[in-house]
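Engineer: After the structure tokens below, expect a handful of questions from me.
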Amino acid sequence: MIHSTPTQLRFPTIAGFSVRTDFNGGAMSSDFGALLLHGIDRQTGLIDRMASAIHDRRHPSYIDHTLNDLLRQRIFQMACGYTDGNDANTLRSDPLFKLAAGRAPLDEGNDLASGPTFSRLENSLSRQDIYRLAASFVEAFVASYAKPPQMIVLDMDHSEDITHGQQELAFYNHYYGHHCYLPLFLFEGLSGKLVTAVLRPGKRPTGRENAAIIGRVLRLIRRHWPDTHILLRGDGHFANPELMALCDSDPHLDFLFGLAGNRVLSPKAQPLLAKARALHQQRTTDARRVGQAAPEATRLYDDLDYRAATWPTGCRVVLKAEVMALGDNPRYVVTSLTEPSPESLYRDLYCARGQDENLIKAVKNDLASDRTSAHTFLANHLRLFYACAAYTLIHSLRDNTLVHTGLAKAQPMSIVLKLFKLAVRVVQYKDRIKLSLPANCPGPVKELLHRVTELLYHVPPPPAPA
């Protein structure tokens, strides 16, 4: 028999007592959030949708963990801050994660899946499975609305995903200066809900590729919302004739894209820029005369008469002529919208696109969507979906359950730290399970947890997806 010394943590003497710490606390867990995530999934049905999208090719005689159990375990762990698949090797016997998966927390022989099991799952998926998983996120997004909305804003943006090693389809991107993936994220700009995400190679996308991806998403949405007005919004590399033509084919579809300056467009901006320079100089002189600080910038807005040769039809182009102390900063947008004024179109509609970058940061930094270290491209795509599912569950918790609370607009990591990372002692009796939270848990947190559990577990779950 191999005898090992238990791991101990040593501390200096405190209040005249020696302090020693070990890891033999018994049936305890540090992740009460697993039960909250179970309640959110129970209401949204997201993981059931994802599991139904995967064709399980395993022989029934050798299945110990269903696809629902595997996805639930991995996504819950991701949402609680365990981004590495190998974390499952120790968390598989965690009583709270077992309870969230519908298993008795302290029974022996019913542990959850291990890291190698998830590795086999990630490497078993086909392209069709990945496509159906991407579609399941769109279906879950549509199902999150009680009735078709009058309008949605579909924000599109790519994000750098640095790769290390020999991952498939990881290309060198000169703009970022290293090898990477370039996944596409789609969010609803008004609510912050994730629509879907697509892992892409590291090269810059073509207009044809953008139109193919967005076209598939729009067809899924139109099955349920034929009359909802949709605004496609993105930065300059989405100003492609293919996407513009896609919008022309749908009377309830508009676009608003950034536009890069060029040798034809830039000269057209000079008259308004000259006017902005003169106005900025006058404002600066007036401010100094009365002893005030000079204005940071002067901005003027106007429409331009411009049409690129590749555009299917003429489109409205709006110029923001901005003059700052550092010089001129002209910006352009192209749109199919005709009603808003140039200033409102740029300042209120286009600049709101910056929120999409914050949403991507939440998925990337808080939930590790860039943990794509597997060798195969499809395995990395599934890892991206883990993070997307974790974001969807936490967003649903925040918008539906935490509304009118101090966490109504909190970032995912704030919710994880304040609600999910709570120590729990688990005691299993013959007919019941007792969970004991810390007695010194702050009062506001106690009230918040009472509200959350009441709303999550006393609302009937939706019917299972077809």
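Engineer: Hey, what do the phi angles of the stretch 433-448 turn into as Karplus ³J(HN,Hα) couplings, whole Hz, using 6.51/-1.76/1.60 and θ = phi - 60°, x for Gly and Pro?
Structural biologist: 10, 10, 10, 10, 8, x, 5, 9, 4, x, x, x, 5, 4, 5, 5
Engineer: Tell me which aspartates and glutamates have Cα within less than 17 Å of LYS147's Cα, excluding those fewer than 8 residues away on the same chain?
Structural biologist: Result set, ordered by chain and number: GLU139, GLU188, ASP227, ASP399.
Engineer: What does the charge add up to near HIS395, with Lys and Arg as +1, Asp and Glu as -1, over the other residues with Cβ less than 12 Å from its Cβ?
Structural biologist: Details: positive: LYS193, ARG398, LYS409; negative: GLU188, ASP366, ASP399.
With Lys, Arg at +1 and Asp, Glu at -1, the net is 0.
Engineer: Taking the chain as the reference, fit the longest principal axis to its C-alpha atoms, fit the long axis of helix 67-79 to the helix C-alpha atoms, and give the angle between the two in degrees, 0 to 90, nearest 10.
Structural biologist: 70
Engineer: Rounding to the nearest 20 debye, state how big the charge dipole of the chain is about its Cα centre with +1 on each Lys and Arg Cβ and -1 on each Asp and Glu Cβ.
Structural biologist: Here the size comes out at about 400 debye.
Engineer: Continuing with this model, one more query. Of LEU455, ILE47, SER61, which is farthest on the positive side of the dipole of the chain, counting Cα position, with +1 on Lys and Arg Cβ, -1 on Asp and Glu Cβ, and the Cα centre as origin?
Structural biologist: Highest projection toward the positive end goes to LEU455.
Engineer: Enumerate the calculated ³J(HN,Hα) couplings along the stretch 371-383 in order (Karplus 6.51 cos²θ - 1.76 cosθ + 1.60, θ = phi - 60°), each rounded to whole Hz, writing x wherever the residue is Gly or Pro.
Structural biologist: Once θ is set to phi - 60°, the couplings for the stretch 371-383 become 7, 10, 9, 6, 6, 7, 5, 5, 5, 5, 5, 5, 5 Hz.
Engineer: Counting only protein heavy atoms and a 1.4 Å probe, tell me what percentage of the chain's accessible area is made up of carbon and sulfur.
Structural biologist: 52
Engineer: Hey, if you put +1 on the Cβ of every Lys and Arg and -1 on every Asp and Glu Cβ in the chain, which of LEU367, PHE187, HIS229 ends up farthest toward the positive end of that dipole?
Structural biologist: Farthest towards the positive pole: LEU367.
Engineer: While we're looking at this one, here's another question. Once you have a ≥ b ≥ c as the square roots of the Cα gyration tensor eigenvalues for the stretch 280-383, tell me rounded if a/c is under 1.5, and otherwise prolate or oblate according to whether a/b is larger than b/c.
Structural biologist: Judged from the Cα gyration tensor, the stretch 280-383 comes out oblate (a/c at least 1.5, b/c at or above a/b).
Engineer: Dipole magnitude of the stretch 56-207 about its Cα centre, charges +1 at Lys/Arg Cβ and -1 at Asp/Glu Cβ only, in debye to the nearest 20?
Structural biologist: On the way: 15 positive and 18 negative charges, 86 e Å.
That gives the stretch 56-207 a dipole magnitude of about 420 debye.
Engineer: Rank GLN150, PHE76, LEU419 by how far each Cα sits towards the positive end of the charge dipole of the chain (+1 on Lys, Arg Cβ; -1 on Asp, Glu Cβ) and give me just the farthest.
Structural biologist: The listed residue farthest towards the positive side: LEU419.
Engineer: Roughly what angle does helix 127-143 make with the longest principal axis of the chain, taking Cα atoms, 0 to 90 degrees, to the nearest 10?
Structural biologist: Here the helix axis deviates by roughly 80 degrees.
Engineer: Also, I was wondering about something else. How big is the accessible area of GLU168 in square angstrom, nearest 10, if you roll a 1.4 angstrom probe over the protein chains?
Structural biologist: Approximately 80 Å² of GLU168 is accessible to the 1.4 Å probe.
Engineer: Please list 188-196, 388-396 highest first by mean number of surrounding beta-carbon atoms within 10 Å per residue.
Structural biologist: Put in order of decreasing packing, that is 388-396, 188-196.
Engineer: Can you pull the accessible area of MET413 for me, 1.4 Å probe, Å² to the nearest 10?
Structural biologist: About 60 Å², rounded to the nearest 10.
Engineer: Using a 1.4 angstrom probe with every protein chain in place, what is the largest-first accessible-area order of VAL142, VAL403?
Structural biologist: Solvent-accessible surface, decreasing: VAL403, VAL142.
The values are calculated or read from the model by the stated rules, or taken from the named source; none is laboratory data. These numbers come from a predicted model, not from an experiment. Here Cβ is always computed from backbone atoms with ideal geometry, including for glycine, and neighbour counts include all displayed protein chains. Only protein heavy atoms, including side chains, enter the accessible area calculation; ligands, DNA and RNA are left aside. Shrake-Rupley method; radii C 1.70, N 1.55, O 1.52, S 1.80 Å.
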